[in-house]
1. May I ask you to order 73-81, 85-93, 47-55 by the average number of other C-beta atoms within 10 Å around their residues, highest value first?
2. Lys107's amide H: which non-local residues (gap 5+, or another chain) put their own amide H closer than 5 Å, with H modeled 1.01 Å from N in plane and none for Pro or chain starts?
3. One quarter of the convex hull surface, Cα atoms only: what value does that give for region 39-132 in nm²?
4. Mark the label point 7 Å from the Cα of Glu7 along Cα→Cβ and return the residues of region 72-100 whose backbone N is within less than 20 Å of it.
5. Could you run the Karplus curve 6.51 cos²θ - 1.76 cosθ + 1.60 with θ = phi - 60° over region 15-22 and give me ³J(HN,Hα) per residue in whole Hz, x for Gly and Pro?
6. Here is the link list: Lys10/Lys149; Lys31/Lys141; Lys31/Lys121; Lys62/Lys150. Which ones come out longer than 28 Å on Cα distance?
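None of the figures in this text is laboratory data; all of them are computed from the coordinates on show. Since the model is a prediction, treat every value here as computed from it, not as a measurement. As a convention, Cβ positions derive from the backbone with ideal geometry for all residues, glycine included, and neighbour counts pool all protein chains shown.
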Amino acid sequence: MFEAIKEMDKVSADDILYSLNPELNRQQVFKAKESAGKSGSFFFFSFDRRFLIKTMNNAELKVFRNCLPEYVMFLRENPDSMIARIYGVFTVQMEDITPVHLLFMHKMEAGKNIKNVFDLKGSIINRIVEKQHITAGGTLKDVNLLDLKKEQIFLRF
């Protein structure tokens, strides 16, 4: 299923291999430790900032697997959608270490007249960036989207 999304976006295996080169990403991986979120997951951008790698817990992986067919169908029917393109989920397991699930996705392109970026979880519990912490180009959350929707008509269904 992920292959269909990569084809839509014209992302090749060579593109991915280059962007994920371990030597070139060494600094990015170390920065990921500094970016730990409340969920305990972490993420980092590839050195060329084309891709994002994020850890997932078992519950998130289960939800994603259940949504995967509808996600792919939506992107096929809406190729210009601004929903993040996920190219793969991988589980890395090493001896005596708990397996780690990694979500591999394309970083959204700048310059598409993007006014706001949201990290949506489908919850309102602890899902707001308070006004004093909002920065230009910063990522907002679910409650911020609901608040903006009250002020502006920008979502059309």
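1. Sorting 73-81, 85-93, 47-55 by mean packing, highest first, produces 47-55, 85-93, 73-81.
2. Those qualifying (amide H under 5 Å, at least 5 residues apart or on another chain) are Phe51, Leu52.
3. Numbers: hull surface 33.8 nm².
Directional mean of the projected Cα hull area for region 39-132 stands at 8.4 nm².
4. Only 72-81, 85-89 fall inside the zone, counting backbone N under 20 Å.
5. 4, 5, 4, 5, 5, 9, 3, x
6. Details: Lys10/Lys149 33 Å; Lys31/Lys141 23 Å; Lys31/Lys121 24 Å; Lys62/Lys150 32 Å.
Violating the 28 Å limit, Cα to Cα: Lys10/Lys149; Lys62/Lys150.
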